[in-house]
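The values are calculated or read from the model by the stated rules, or taken from the named source; none is laboratory data. These figures come from a predicted structure and were not determined experimentally. Virtual Cβ from ideal backbone geometry, glycine too; neighbours counted across all protein chains shown. Just so you know, the surface numbers come from the protein's heavy atoms only, side chains and all, with ligands and any DNA or RNA stripped out. Shrake-Rupley method; radii C 1.70, N 1.55, O 1.52, S 1.80 Å.
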Amino acid sequence: LFSCFSRGEVFATASVSHIRAAGFWLVVSTLTAMVAKIGLYSTHGVKADVELDVQGLVFGIATFIAAHVMGEARRLADENASIL
């Protein structure tokens, strides 16, 4: 992603896909961590409070949405360039 930015490819397809993947994997890792904690606690018979990492989930969703907005901006820029 940073190599795309250093080349000036901010709204390029590659950078948008990198950002989208980062948001997706942040959401997946947050949910997977919660499920893993539940599994570990249940196998050892320990009763513990398992909390969802809301901050990680919110950042992941926001990153995914930002990538979607960047992709739409790229699509609109390409559409406008084709009209001219």
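The table that follows gives values for the structure above.
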item	result
Close pairs from the range 67-84: first part of a helix (DSSP H, G or I), partner modelled with pLDDT of 85 or more and open to solvent by 80 Å² or more (accessible area, probe 1.4 Å), Cβ under 6 Å, at least 6 apart	A67/R20
Qualifying positions in the range 9-42 - open to solvent by less than 80 Å² (accessible area, probe 1.4 Å) and in contact with a helix residue (DSSP H, G or I) (Cβ under 7 Å, 6 or more places away or on another chain)	E9, A12, A14, S15, V16, I19, A22, G23, L26, V27, T30
In the range 57-79, the residues that are open to solvent by less than 90 Å² (accessible area, probe 1.4 Å) and either among the basic types (K, R) or farther than 23 Å from W25 by Cβ (or both)	L76, A77, D78, E79
Search result, residues across the range 1-53 that are free of Cβ contacts under 8 Å to residues at least 12 places away in the same chain, basic (K, R) and either part of a helix (DSSP H, G or I) or over 23 Å from G71 (Cβ atoms) (or both)	K47
Lone qualifier among D53, D49 - being open to solvent by 50 Å² or more (accessible area, probe 1.4 Å) and either closer than 23 Å to A77 by Cα or more than 17 Å from the chain's Cα centre (by Cα) (or both)	D49
